[in-house]
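Below is one structure, written out as structure tokens; the observations come after it.
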Amino acid sequence: MLKRKQFAVIGLGRFGSNVCKELYQLGHEVLAIDANESIVDSLKEFSSHAAVANATDERMLKSLGLRNFDFAIVAIGEHIQPSILCTLLLKEMGIKQVWVKAQNIQHFKVLEKIGADRIIQPEKEMAMRIAHQLDSEKIIDY
Ligand code: ATP
């Protein structure tokens, strides 16, 4: 049987909350974190543990036990600064896999430099998938 993994999902907008729900549904242990209390409340039943926290607060991240997690997914939108700072803190804490959603190309480049393990560009990745699906659709021309 595959080992249950421990995931922390930080930033629970549309992207983060769906990643959180899906991982939890797949049977993994998921810690959901957001600065917004009502968003955290709405994820309680779709996560193993949900916490209100500022993702740039190093002490808070440590007290939540983040250093023991296998994976962290950072999906903070709005401003790129908290996303960058949080990524840096998680890498410094020794998390092996830190996957981060990028807002734009500048954000992408900074994330690359600071050691994000996978940089996600949801719209771009989805657009490519859809284009490939369309490409492989058979069009019968009568
Ligand atoms: P999506 O397209 O997935 O909805 P988005 O790019 O529009 O995402 P937002 O919804 O703006 O992103 O942000 C994602 C979440 O990150 C929000 O729920 C917000 O409360 C949270 N967030 C922003 N800054 C912080 C922070 N410093 N600490 C924790 N959570 C934060």
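The values are calculated or read from the model by the stated rules, or taken from the named source; none is laboratory data. All of these numbers come straight from a predicted model, not from anything done at the bench. Here the Cβ positions follow ideal geometry from the backbone for every residue, glycine too, while neighbour counts run over all protein chains shown. Surface accessibility is based on the protein's heavy atoms, side chains included, excluding ligands, DNA and RNA. Shrake-Rupley method; radii C 1.70, N 1.55, O 1.52, S 1.80 Å.
For region 29-43, filtering for residues that are more than 13 Å from the ligand (Cβ to nearest atom) and either open to solvent by 30 Å² or more (accessible area, probe 1.4 Å) or of a type in the set (K, R) (or both) leaves 1. Filtered by the rule that a residue be among the β-branched types (V, I, T), open to solvent by less than 20 Å² (accessible area, probe 1.4 Å) and not in a helix (DSSP H, G or I), region 80-119 gives I95, V98, V100. Might you let me know whether region 44-53 holds any residue that is touching a strand residue (DSSP E or B) at 6+ places or on another chain (Cβ under 6 Å), farther than 30 Å from I105 by Cβ and surrounded by 21 or more Cβ atoms within 10 Å (Cβ to Cβ)? Scanning region 44-53 turns up at least one residue that is touching a strand residue (DSSP E or B) at 6+ places or on another chain (Cβ under 6 Å), farther than 30 Å from I105 by Cβ and surrounded by 21 or more Cβ atoms within 10 Å (Cβ to Cβ). As a summary of the residue check, A75 satisfies the conditions (1) touching a Phe, Trp or Tyr at 6+ places or on another chain (Cβ under 7 Å); (2) more than 8 Å from the ligand (Cβ to nearest atom) except for the one numbered (2). Within region 89-106, being away from the ligand (no atom under 13 Å from the Cβ) and among the hydrophobic types (A, V, I, L, M, F, W, C) holds for M93, I95, V98, W99, I105. Of the set (1) open to solvent by less than 20 Å² (accessible area, probe 1.4 Å); (2) at positive phi, all apply to G16 but (2). What tally of residues in region 58-72 results from selecting those that are open to solvent by 40 Å² or more (accessible area, probe 1.4 Å), within 15 Å of the ligand (Cβ to nearest atom) and under 19 Å from G16 (Cα atoms)? Total satisfying the criteria: 1.
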